[in-house]
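For reference, the structure discussed in these notes is given below.
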Amino acid sequence: MVEIEVANRSGRDLDFEAAADLIRQVLQAEGIGDGELGLQFVGPDEIRDLKRNHLGIDEETDALAFPIDGREALPAGMPRQLGDVVLCPEVVGEAWRAPLVHALLHLVGYDHGSEMEARERAHS
């Protein structure tokens, strides 16, 4: 089972269970049934700082991914440390599902391009 640690620093009431369900569905479809990840909900200033500090781009964004493990196989019984997804509810509003899927695909090793776009369509 994928364990999800949620932190909400956005100041908004959110449906954490729906987000966790979507995360587990996407990861299962991508062949990851066990692992751990963090899901952080933040405000626009925090996500802007993260994007500037880690990507060198000074702008707000909807979601960011900070992967830890690669896609290589781990020994049986060892949980995959996937990383963290950071989502800004103020930027995404009600349309949070697509940015969350996008960030999850980055966590599991996809880069922008046609393969990632196909995977995003498959999860929509």
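Since every read-out is calculated from the coordinates, none of them should be taken as a lab result. Quick caveat, the model's predicted, so the values are computed rather than measured. Here the Cβ is made from the backbone with ideal geometry for all residues, glycine too, and neighbour counts use every protein chain on show.
Some notes on this structure:
- Spatially, the range 1-48 and the range 86-120 are offset by 12 Å when compared through their Cα centroids.
- Estimated inter-spin distance, Gln81 and Glu117, nm [label 7 Å along Cα→Cβ]: 3.5 nm
- Separation of the Glu17 and Glu3 label points, Cα + 7 Å toward Cβ, nm: 2.2 nm
- The calculated Kirkwood hydrodynamic radius for the chain is 14.7 Å, given to one decimal from all distinct C-alpha pairs.
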